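J.: This is the structure I have questions about; it appears just below.
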Amino acid sequence: MSFLYPAVLWFLALLLIPIFIHLFNLRRYQKVLFSNVDFLSSIKSSTKAKLTIKQWLALISRLLALGFLILTFAVPFIKGDLSIDLSARQVIFLDNSYSNSNISRDGLSAFDNSSETVLKYLEQFNIEDKFYFATNDALSRTSQSTDQVKDQLSEVSLSADRRDLNTFVDSYGDQVGVNYYLFSDFQRNQFDLDGIGVDTTKSYYLFPARYELSRNVFVDSVYLDSPVLNDAVENKLNVRLQNTGEEAVKDLPVFFNVNKAQVSSNTVDIEAGSYSDLVFDVSSLTDSINNCELTFEDFPVTFDNVFYFSVLKTRRIKVLEIANASGHQYIEDVFDSELFDYSKASISNLNYTLLDNADFLILNGLNNYEDNFKSVVEGFLRDGGSLLILPSTQANNSTFLGSITNGNVNYAAADSESSQALAPPQRNNPFFSGVFEGRSAQIGEVSSSYLYDWRHGEAILKFRSGLPFLSAFRSGAGAVYLVNSDLSNTHSGFAESSLFLPIMYKLAFSSLDSQRPTLYHRRDEQAISWKGDALEQDRVYRLRNGEIELIAPQRKLNGEVLFDMSDLDIAPGFWSICEESGTCFGTIAINSAQAESVIDQYTADELQDVANENSNVFLLENDDIQLAQSGGINDLCNKYFWKYTLLLALLFFFVEVLILRFL
């Protein structure tokens, strides 16, 4: 046992004072004679003996109380095993990610708590000692003095960036003999502490900022029922909110804003560690670009109380049908609508440039496929187009179909005797989501002959025998849909069934899925893509938010620009995609990393276990730094007992009071 202030132990000599007072405070009794006192003699002897015991017990309690109080001021401790090599590289990491806005146990935010701890820690060093100082959004490559680190510390604020432990350590290379001082809230998804002490040439000193209460509500995800946003199509916005806190949230108001105007609101209850879903109607959103926000008030973590996403009004889908001159009119009747920009071309005099602008290509009853035409179709699929094939009954095109669907397609001659009934559609198939809208999926008795047999792809409709009737295949960046019959009345009743129109609509709308910009992005995404008709190959595009303009590394291919976001300091919000001239033609919505919203930190016991299992990992608390200011840097891991001696002093003072009052 050692003492931080051993000179205070000289005050133990003061304990002699109450002893002397007790020993020399002997009352001198003066004899006074009066009659009839014999009967009091026995009572007097008994009271005097009891009083002596009471005085001795009170004296012992007083001495113990005063003794432990003096030991408290002397600060007893057991020497720890910490030995910091001041000749090694000293690296300080201050976690300034958004999760540190949560309130710590001393009433400050976790970030303010860690910042103050860094200042206290720097007081342990000499002014000439050098450090490397790093945060989530800044990494110093040169060493700095303690005063320089303090100056830099005053300029640090919360950041949307986050740096995991391995990335931080790797950023300093394979340096031998490095001391890492980590001041953080130690979120599980940011700090993977498994194997932290494997490299014994590095030492880790953990300074945790502990939350007073773990609570946070954030938007987990949003999505539309339909990819089509149009007045003619009903559409819903689905929102999932998650509560990672330790308490349930009741009647939380959630506001839905579009282009800075509130259009709807709702309330939600979320149990602790669970989620709840909300639904908003978005059918009335008719602007070409709808910048949307979901807002709510949740404390103390507020950085994710606003969720940004952008919804574009669906343009008319460009449908191109290529058929023989004698083709039927079923396809034209379906797509002759204000939702579509429909055109039809004959295979005999086809202009291949028509495919460049098409979203949805339909090959209807073609007897043969020339090599040049095959190459154009394959290029269309590589660029992300959608293709529907209605085969001809007059030719065997199994080779082409197998090539375009990346599988084996076997030919079977069409025959009215081979006609089979179609099985009812499977409502749990994601393809039919939103098609039936609560109505029965029964389509009546629909029969069709079949032309081919294949066993690959994703079946959308089947015959009752199990043979595929309509299947989907991936090809390049696009999709291929193959029907196992033509649309003539002779071979199939599918074109006149109640299911024909919604399936054709669904296939056409699906062609936009690979072309529509994503509703939202996260801050930690390495790359963000945007597709648009106005993109030009030789232009450099900028991201603009108000007065802020950023130029990200980018590359363009087939009407798509891919922005490299890995080294870009971009804040959450709406960012317009603009040309140098100032013309803007698109918007991307950026939100903070979802992992940052998951408020789940390592417990004190878990961090202590990591320190116990690794000789080069040390766990330090705020009190350790305060007490070590007089003992030096290597006293940070000492085990202090002043709290216990203070409690014992108060206990014996209380015992003395009880003795004097009741004994």
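J.: In this model, which of Lys120/Lys202; Lys318/Lys374; Lys318/Lys556; Lys260/Lys506; Lys260/Lys531; Lys313/Lys556 are farther than 27 Å apart at the alpha-carbon?
T.: Exceeds cut-off: Lys260/Lys506.
J.: Shifting gears a bit: What's the percent breakdown of Cα-Cα distances in segment 341-386 across 10 Å bins, shortest bin first?
T.: Histogram of Cα-Cα distances, whole percents per bin: 23, 65, 12.
J.: Run the 1.4 Å probe and let me know the accessible area of Met1, rounded to the nearest 10 Å².
T.: Rounded to the nearest 10, that gives 140 Å².
J.: Could I ask something else about it? With mean projected area of the Cα convex hull in nm² as the read-out, I listed [x] 48.3; [y] 28.7; [z] 38.7; which label goes with the value calculated from this structure?
T.: So the calculated entry is the one marked [x].
J.: Separate question: Sorted by average packing, counted as other Cβ atoms within 10 angstrom per residue and highest first, what order do 423-431, 467-475 take?
T.: So the peptides 423-431, 467-475, ranked by packing, come out 467-475, 423-431.
J.: Once the Cβ-Cβ distance between Lys344 and Glu247 is put in as r, and R0 is 60 Å, what FRET efficiency do you end up with, to the nearest 0.05?
T.: Rounded to the nearest 0.05, the efficiency is 0.45.
J.: Would you mind working out the accessible area per residue for the chain, using a 1.4 Å probe, and quoting it in Å²?
T.: 50 Å²
J.: Another question, then. Just read off the accessible area of Lys120 with the full protein assembly in place, 1.4 Å probe, to the nearest 10 Å².
T.: Around 50 Å² of this residue is reachable by solvent.
J.: Could you pull out every residue, at least 5 positions away or on a different chain, whose amide H is within less than 5 Å of the one on Lys318? Hs are placed 1.01 Å off N in the peptide plane, and Pro or chain starts have none.
T.: Asp341, Asp359, Phe360
J.: Counting each DSSP H run of 4 or more residues in the chain as -39500 (n - 2.57), what helix-only mean residue ellipticity at 222 nm follows after dividing by all residues, to the nearest 500 deg cm²/dmol?
T.: -7000 deg cm²/dmol
J.: For segment 129-217, what is one quarter of the convex hull surface built on the Cα atoms, given in nm²?
T.: Value for segment 129-217: 7.0 nm².
J.: DSSP loop (so not H, G, I, E, B), at most 11 other Cβ within 10 Å: list which GluC sites (Glu not before Pro) in segment 254-318 pass both filters.
T.: Glu297
J.: Roughly speaking, to the nearest percent, how much of the chain's 1.4 Å accessible area is carbon and sulfur?
T.: 50 percent
J.: Starting from the amide H of Ser265, placed 1.01 Å from N in the peptide plane, find each other amide H under 5 Å away whose residue is 5 or more places distant or on another chain.
T.: Answer set, sorted by chain and number: Phe256.
J.: Convert each backbone phi in segment 391-401 into a coupling constant with the Karplus relation 6.51 cos²θ - 1.76 cosθ + 1.60 (shift: θ = phi - 60°), then list the ³J(HN,Hα) values in order as whole Hz, x for Gly and Pro.
T.: x, 8, 7, 9, 8, 9, 10, 4, 5, 5, 5
J.: Next up: With a cut-off of at most 12 other beta carbons within 10 Å, and DSSP calling the residue loop, which GluC sites (Glu not before Pro) in segment 368-417 qualify? Please list them.
T.: Glu370
J.: Using only the Cα atoms of segment 291-423, construct the convex hull and provide its projected area averaged over every direction, in square nanometres to one decimal.
T.: With every direction weighted equally, the projected area is 13.7 nm².
J.: Of Glu123, Glu332, Glu579, which has the most accessible area with a 1.4 Å probe, and how do the rest follow in descending order?
T.: Glu123, Glu332, Glu579
J.: Using a simple spin-label model with points 7 Å from Cα along the Cα→Cβ vector, what separation in nm is obtained for Asn126 and Ala261?
T.: Inter-label distance under the simple model: 6.9 nm.
The values are calculated or read from the model by the stated rules, or taken from the named source; none is laboratory data. Predicted model only: the values in this text are computed from it and were never measured. No Cβ is skipped: glycine too gets one built from the backbone with ideal geometry, and neighbour counts run over all protein chains shown. These area figures cover heavy atoms from the full protein model, side chains too; ligands, DNA and RNA do not enter into them. Shrake-Rupley method; radii C 1.70, N 1.55, O 1.52, S 1.80 Å.
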